[in-house]
Each structure stands twice: as C-alpha cells, then as structure tokens.
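In what follows, a single structure is set out as structure tokens and then discussed.
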Amino acid sequence: MGEQVMVEEPPSHQDSVDLLEMDSTEALEKIMDEYGDDVKRFVYTYVKNQADTDDITQETFITVYKKLHTFQHKSSLRTWIFSIAVNKSKDYLRSFHTRHDNLFQKIKSYITESSDHETPERQVLSQSESSELMDYIMKLPIKYREVLILYYFNDFSIKEIAHSLNQKESSIKTRLNRSRSKLAQVIEDADDQRSDQ
C-alpha cells in the first residue's frame, strides 16, 4: 500500500534504570544523544525561531540534569523529558517578551527523517511534502499543534501525550480528533485558494 517506515523503539525501562545509576554528567550526555534532536524539533514547534529553540532546549536539559535523581518511573524517561520541554516552552510563551516579539516571527521548518533506502528524488519529494504539512500544522493553535506533533512526529501514545501535557487520556483523544479536523480544514482552505488563483 505505502512505504513501510521503520520506527526505532524507545529505550526500555531497564535502559532508564541504567542511566539513573550512571554519573549525572555521563547520564546527561547519553540522554542528550538519545533525545536531543527530537526535543529540539518539538520545542521549535512552540517558539518558531531557532535562537529561542536552542535556549529552551538547553534549559530543558539543565532541568533534566538537576532533577534526574527525582525521576520515579511513573512514566517513561522519554515522556518525562518531553513534559519538561512542554513546560519550559509554555513558560516561555507566557512571558511578556514572547507575546510581543512572536507577532513578527516567520516560520520555515523542516521535520522529517528520511529512510536510507529512498532515492534522492524521493527524499526531496518527501521533504517537500513534509515541509508543506508542517507549514499547515504550524498554522493551528498550540493546543492542537502539540498533540499532532507528539503523536505523528514523535510517535507518542495517547497515554504518553496525556502524561506529558498533564491531561486526561479522554481529553487528548478528543483534542487529537479536533486537531485532525482543523488540519484538514486548513489544507482544504489552502487548496481552495490555489484553485482560485
């Protein structure tokens, strides 16, 4: 039917136990290697500019470093890290500076993980399609955008999203459905605009 995408399995519970038994600095390095790029891409979907994304990603991992000893395995380590990133991003967006400066921000983003077996032509096409889809997603309000990105781009389960956003699973299911509908409307409106031109 379509191309099969290989999804890397998240680290197991034992992996996070092993990390917690390491020296804090060594554990942080491994955590940043494992989750750094995903967290950075996710933060970008909130703040929409690279400099602030870098700052918030750094703050996220500083918090992970400081609070690693408090991690209690109530969720996966990955979910816990993303919940910190969500909170740091939302704190930033609530700040006075951001509310005013973000009015003038323009978005260009690219989030895709191309398979090694794709041809260069297919990779370019996939990147173009993925970039266009992200442009549409970025037009949605944050509460819809975040669930789509966590679910489709970061392969979070409903349960993991609920935990990360501190919401009930039923609320996340409803929000995900609304997000899909709103995204479909944004795409349809864009198609209508193209056909009118």
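Under a 1.4 angstrom probe, counting protein chains only, how are Glu132, Glu146, Glu160 ranked by accessible area, largest first? Don't skip to the answer; put the middle values down first.
Values: Glu132 75, Glu146 5, Glu160 40 Å².
Per-residue accessible area, sorted high to low, gives Glu132, Glu160, Glu146.
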Contour minus end-to-end for Glu21 and Asn166, with contour as 0.36 nm per residue of separation and end-to-end as the Cα-Cα distance?
49.5 nm
Please give the Cα centre distance for the range 145-197 versus the range 26-72, rounded to the nearest Å.
23
So what's the range 135-186 giving for Cα Rg divided by 2.2 N^0.38 Å, two decimals?
1.03
Given Lys66/Lys173; Lys74/Lys182; Lys139/Lys159; Lys40/Lys182; Lys40/Lys159; Lys66/Lys182, which pairs have Cα atoms separated by over 27 Å?
Lys66/Lys173; Lys74/Lys182; Lys66/Lys182
Backbone HN-Hα couplings from phi across the range 174-179 [Karplus 6.51/-1.76/1.60, Hz, Gly and Pro as x]:
4, 5, 5, 5, 5, 4
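The values are calculated or read from the model by the stated rules, or taken from the named source; none is laboratory data. Nothing here was measured: the structure is a model prediction, and the numbers come from that model. The accessibility values were calculated without ligands, DNA or RNA, using every heavy atom of the protein model including side chains. Shrake-Rupley method; radii C 1.70, N 1.55, O 1.52, S 1.80 Å.
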